[in-house]
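Shown next, in C-alpha cells, is the structure this report addresses.
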Amino acid sequence: MSRVHCLLDTNALIKRYKEEEGSNLIEALFEHPAAKHFLNVCIPEIIATFFSFELQGEITKDERNELKDIFIQDIREYNIIIHDVKGKTIRQTDEVHEISFQVPRPTYTDPKTGQQKVKPAISAIDALVLSAALELKGNYDRIFLFTSDGHMKEVAKRLDIIVKDVEKMRVLSWHI
Amino acid sequence: MSKKISKHVAKKGARHARIARAKQITSKLSSSLSERAIAIRRGEYVQSPLSVRHKRTD
C-alpha cells in the first residue's frame, strides 16, 4: 500500500505543542510513518500564536523562545516536511476560490451588537493551503488534510480533498 | 544494540522530551493553541507582534 501523506493546517500542527482536544491524535500521527507536510506560509502563524500568549503575559519571553526552538527542531529533523508555495499552488487558488463562493458562509452573533453576521469567506492562506492539498493529491494516492476549521472543511470536501478533524475523531484512522 | 539503533533510540527520546517540555510550558495557557491560531488567521485577534513592536519603539 502506498505511503500516507498528510497536510497539516496550522490549527492541527500546533496541537503537537499543547495538551488539548485532539492533541493525542496528533501525537499518534507523529508516531505514524505518514509524511507530515506543512505549508511554508503557515510558519509565521505558529510563531504569532506563541507570541500572542507572551503578549498576554501567560508565558515569558524565554518560554516563547523555547517553544519556537522546539518547533524549529521539528523542521530540522524533518518531523515536518516544509512544502513551498510554487507557481502551481498560486494558479490553483482560482479553482479554490471559485468553489469557496459556492459554500454557504457560516453565521455568528456579534458579541458587541448581538446582530447576526456572516463570517468572512476563506482567507488567502486558507486558499493556499487548500491549493497545496490539491497539488499533493495530484502527486500521491493517499493524501489527507488535517484541519478543525469548519468553513475550510466544507470547501475542502467540495474539492474532493479528504479532511481529518482530530477534534471529531476518537482514533487515528485512514478510512474515508 | 547496534550503534545505529541506539542513535535512533536516543534521537527519539530527545524528541519526546522536547515535546513534553513544550506541553509543560503551554499547560498554563488560558485557551487552546488551535483556537488562537484560527483567530489569528481570521484577523479576529488584533494584537500582532508587529503592532506591539511598533508601540514599544514609539
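Only one of the listed residues (A:Thr49, A:Thr10) is buried (at least 22 other Cβ atoms within 10 Å of the Cβ), in contact with a Lys or Arg (Cβ under 6 Å, 6 or more places away or on another chain) and either without any contact (Cβ under 8 Å) to a residue 60 or more places away in the chain or not aliphatic (A, V, I, L, M) (or both). That residue is A:Thr49. Of the helices (runs of 4 or more DSSP H) lying entirely inside chain B, those carrying at least 3 residues that are modelled with pLDDT of 85 or more and surrounded by 12 or more Cβ atoms within 10 Å (Cβ to Cβ) are B:3-26, B:33-42. A single member of A:Gln73, A:Gln56 is facing chain B (nearest Cβ under 10 Å), under 19 Å from B:Ala17 (Cα atoms) and among the polar types (S, T, N, Q), and it is A:Gln73.
Of the residues making up the range B:22-34, those that are under 14 Å from A:Phe50 (Cβ atoms) and either more than 7 Å from chain A (Cβ to nearest Cβ) or of a type in the set (Asp, Glu) (or both) number 1.
Here's the yes/no breakdown for (1) closer than 30 Å to B:Arg21 by Cβ; (2) within 13 Å of chain B (Cβ to nearest Cβ); (3) small (Gly, Ala, Ser); (4) loosely packed, with under 14 Cβ neighbours inside 10 Å:
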residue	(1), (2), (3), (4)
A:Glu66	yes, yes, no, no
A:His83	yes, no, no, no
A:Lys117	no, yes, no, yes
A:Ala124	no, yes, yes, yes
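The set of residues in the range A:130-176 being among the acidic types (Asp, Glu) and surrounded by fewer than 16 Cβ atoms within 10 Å (Cβ to Cβ) consists of A:Asp141, A:Asp160. Within the range A:156-175, one or more residues are assigned to a helix (DSSP H, G or I), at negative phi and out of contact with any strand residue (DSSP E or B) (no Cβ under 9 Å at 6 or more places or on another chain). Among all residues of the range A:31-42, there is none that is within 8 Å of chain B (Cβ to nearest Cβ), touching a helix residue (DSSP H, G or I) at 6+ places or on another chain (Cβ under 9 Å) and either farther than 20 Å from B:Ala39 by Cα or at pLDDT below 95 (or both).
Taking (1) in contact with a strand residue (DSSP E or B) (Cβ under 9 Å, 6 or more places away or on another chain); (2) more than 8 Å from chain B (Cβ to nearest Cβ); (3) within 24 Å of B:Gln24 (Cβ to Cβ) in turn, A:Thr10 satisfies each apart from (2). State whether the residues of the range A:98-106 include one that is among the basic types (Lys, Arg) and closer than 21 Å to A:Ala12 by Cα. Within the range A:98-106, not a single residue is among the basic types (Lys, Arg) and closer than 21 Å to A:Ala12 by Cα.
The values are calculated or read from the model by the stated rules, or taken from the named source; none is laboratory data. All values reported here derive from a predicted model rather than from experimental measurement. Counting neighbours? That spans all protein chains shown, and the Cβs are built from the backbone with ideal geometry, glycine included.
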